[in-house]
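The values are calculated or read from the model by the stated rules, or taken from the named source; none is laboratory data. Model, not experiment: these values are computed from the prediction. So basically every Cβ, Gly included, is an ideal-geometry build from the backbone, and we count neighbours across all protein chains shown. Please note that ligands, DNA and RNA were not included when accessible areas were found on the heavy atoms of the full protein model with its side chains. Shrake-Rupley method; radii C 1.70, N 1.55, O 1.52, S 1.80 Å.
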Amino acid sequence: MRPLILLVLVLVALGLVACGDGPALPTPTPEPTVDGTPMPAPGLPVLGPAPQDLEFLGPVEGVMSEASVTCAWFHGNTPDAGRLQLAFDGLVGNERHRLRVVVNAYSGPGPYAWDGVPGSGPEVTGELDSTHRGHVVINVDQPGGSGDIEITLTSPLQGRIHGIWECPGTPR
């Protein structure tokens, strides 16, 4: 019986030595931006609290002065195939609300707006509490982690959100 136990222990030890840590995973390489400057791997979100100055009118009334924010820039294969996603989770009055903004065809800081007509330009949409949707006019300041915003909610209720937004860093 003892030789069997010893054999099992030796086989387990050999198996552990053979496994090791495995091959090292490749380090993501920076992707060049439109102007050729290197950037970290795409889609790495910036997370954390950040001050906000967003006024809500309509289905939600009040000011969001701070929020937990997720900001991510997903680079595309072409300059007009990128996407910027901003998600704000904070208090308006005494109630928690979530605001999500998506800028399709995002290529870097600057103004973005969409009139709702497919193919008329970069699609910029907003969503409040996964219920209320609308169109967005957003200006992304240099280097890309803040700006001003104007959201017109149209479905199912009408409303407006406007003011200054900020990420806890610059989305890359």
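Some points to look at:
- Portion, in percent, of the accessible area of segment 66-167 that falls on carbon or sulfur, probe 1.4 Å: 48 percent
- Accessible area per residue for segment 83-172 is 48 Å², calculated with a 1.4 Å probe on protein heavy atoms, without ligands, DNA or RNA.
- Other residues whose C-beta falls under 12 angstrom from the C-beta of VAL136 contribute a net charge of -2, scoring Lys and Arg +1 and Asp and Glu -1.
- At q = 0.23, 0.30 Å⁻¹ the log10 of I(q)/I(0) for segment 104-152 amounts to -0.86, -1.14, computed by Debye summation with a single uniform scatterer per C-alpha, solvent ignored.
- Gain in span if fully extended, SER120 to GLU95, counting 0.36 nm per residue against the direct Cα distance: 5.4 nm
- Square roots of five times the Cα gyration tensor eigenvalues for segment 37-155, Å: 24, 18, 11
- Judged by the ratio a/c of the largest to the smallest principal axis of the C-alpha gyration tensor, segment 65-128 counts as prolate, that ratio being 1.5 or greater while a/b is larger than b/c.
- The simple spin-label model puts a point 7 Å past each Cα toward its Cβ; for SER130 and ASP148 those points are separated by 3.3 nm.
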